[in-house]
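A.B. asks: Once you've had a glance at the structure underneath, I'll fire off some questions.
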Amino acid sequence: MSKPRTYKTEAVIIKKTKLGEADSILTLYTPNLGKIQGFARSLRKPKSKMAGHLELLTHSQLSLARGRNLDTIIGAQTINSFLPLKTDLDLTSYALYTTELVNQFAADNVEDQPVFSLLIETLQGLTQGGDNDLLLRYFELHLLDMVGYRPQLERCVTCKSALKDTTNLFSPAAGGMLCPGCHRNQLTYPLSEKARKVLLLLQHSGYGEVSGLEIERELSRRLEMVMRNYLRYLLEREVKSTAWLDSLRGQIDDNQIRPYSPTTPAKT
Ligand SMILES: [Zn+2]
């Protein structure tokens, strides 16, 4: 039996690419089809009826017609426009960071409902005015879990012993924590016991359970840098939207959070 020529799906518009004069190719994250591409004809013409339903970061119900190479979007209806994410630059930068990570880690056409749910939960969370840095750390840890890169935060990756209440080290290459005894020449980032406990809590909890957590700015920045370096290692490149995040809030002092390795003397 041949597949029907048209189909419907929910999707979040995670990327837009211009094509020719007025057309666009949209990257869509869907609950049942994973990441797909959709051709949107004349989307950039002023009279386009679908444009408002196909904005970046919008959650919409779509109809698509199958094509030989690319399916064409033939209908769109907004489910949630996440309007605050489009009118507040800070929120836009946070939201685009989440869609960039989903785009980077998701393979084409591989269903992953938990990732779709996590994306919706995170976009929704960003509109609710909590600690958005904490929300991003929650998003990163859960996304990494879902795509097979869950960092080991409970035990030393090398000797498997439970970590003691001391400053242990996070190794991107090892995919988790090392105890001080197992730390050789790897590039690592020191994590205080408190920092590690926060990451563990985020990793093991639903967002509702941790959204009220209050974290000092310095600790929040350290968690961000550790996660950023782990993501950079996994993706083998910088996450592009982090540059925008940084410029909007006036630069992180990267020097304060320099990695520690025995070959480079630690800052005194
Ligand atoms: Zn060890």
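To keep it simple, each residue is scored yes or no on (1) in contact with a strand residue (DSSP E or B) (Cβ under 7 Å, 6 or more places away or on another chain); (2) closer than 30 Å to residue 112 by Cβ; (3) away from the ligand (no atom under 13 Å from the Cβ).
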residue: 147; (1), (2), (3): no, yes, yes
residue: 155; (1), (2), (3): yes, yes, no
residue: 162; (1), (2), (3): yes, no, no
residue: 172; (1), (2), (3): no, yes, yes
residue: 177; (1), (2), (3): yes, yes, no
residue: 195; (1), (2), (3): no, yes, yes
residue: 198; (1), (2), (3): no, yes, yes
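A.B. asks: Can you find, within the stretch 10-24, the residue that is farthest from residue 57 (Cα to Cα) among those that are open to solvent by less than 40 Å² (accessible area, probe 1.4 Å), part of a strand (DSSP E or B) and aliphatic (A, V, I, L, M)?
C.D. replies: Filtering first and then ranking leaves 11.
Every residue, every condition in (1) of a type outside the set (Gly, Ala, Ser); (2) in contact with a Cys (Cβ under 6 Å, 6 or more places away or on another chain); (3) open to solvent by 20 Å² or more (accessible area, probe 1.4 Å), yes or no:
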site	(1), (2), (3)
186	yes, no, yes
195	no, no, no
208	no, no, yes
212	no, no, yes
226	yes, no, no
231	yes, no, no
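A.B. asks: Residues being in contact (Cβ under 8 Å) with a residue 24 or more places away in the chain and either out of contact with any strand residue (DSSP E or B) (no Cβ under 8 Å at 6 or more places or on another chain) or outside any helix (DSSP H, G or I) (or both): count how many of those fall in the stretch 213-231. Break it down into steps so the answer makes sense when it comes.
C.D. replies: Restricting attention to the stretch 213-231, the residues satisfying the condition of being in contact (Cβ under 8 Å) with a residue 24 or more places away in the chain are 213-215, 219-227, 229-231.
Remaining after also requiring either out of contact with any strand residue (DSSP E or B) (no Cβ under 8 Å at 6 or more places or on another chain) or outside any helix (DSSP H, G or I) (or both): 213-215, 219-221, 223-224, 227, 231.
Qualifying residue count, the stretch 213-231: 10.
One line per residue, one yes/no per condition, for (1) over 18 Å from residue 108 (Cβ atoms); (2) of a type in the set (Val, Ile, Thr); (3) more than 27 Å from the chain's Cα centre (by Cα):
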site	(1), (2), (3)
3	no, no, yes
6	yes, yes, yes
28	no, no, no
51	yes, no, no
55	yes, no, no
58	yes, yes, no
61	yes, no, no
69	no, no, yes
79	yes, yes, no
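A.B. asks: Determine, yes or no, whether residue 135 is more than 15 Å from the ligand (Cβ to nearest atom) and touching a residue at least 12 places away in the same chain (Cβ under 8 Å). Spell out how you get there, then give the answer.
C.D. replies: Working: more than 15 Å from the ligand (Cβ to nearest atom): yes; touching a residue at least 12 places away in the same chain (Cβ under 8 Å): yes.
Taking the combined requirement at face value, the residue satisfies it.
A.B. asks: Here is a follow-up. Out of 202, 213, 178, I need the residue that is of a type in the set (A, V, I, L, M, F, W, C), within 23 Å of the chain's Cα centre (by Cα) and modelled with pLDDT of 95 or more. Which one?
C.D. replies: Values: 213 fails: modelled with pLDDT of 95 or more; 178 fails: within 23 Å of the chain's Cα centre (by Cα).
So the residue among 202, 213, 178 that is of a type in the set (A, V, I, L, M, F, W, C), within 23 Å of the chain's Cα centre (by Cα) and modelled with pLDDT of 95 or more is 202.
A.B. asks: Would it be correct to say that residue 30 is closer than 25 Å to residue 140 by Cβ and surrounded by 21 or more Cβ atoms within 10 Å (Cβ to Cβ)? Walk me through how you get there before you give the answer.
C.D. replies: Details: closer than 25 Å to residue 140 by Cβ: yes; surrounded by 21 or more Cβ atoms within 10 Å (Cβ to Cβ): no.
Judged against the criteria, residue 30 is not a match.
The values are calculated or read from the model by the stated rules, or taken from the named source; none is laboratory data. Keep in mind the model is a prediction, meaning the values are calculated, not measured. Methodologically, a virtual Cβ is constructed for each residue, glycine included, from the backbone with ideal geometry; neighbour enumeration extends over all protein chains shown. Surface accessibility is based on the protein's heavy atoms, side chains included, excluding ligands, DNA and RNA. Shrake-Rupley method; radii C 1.70, N 1.55, O 1.52, S 1.80 Å.
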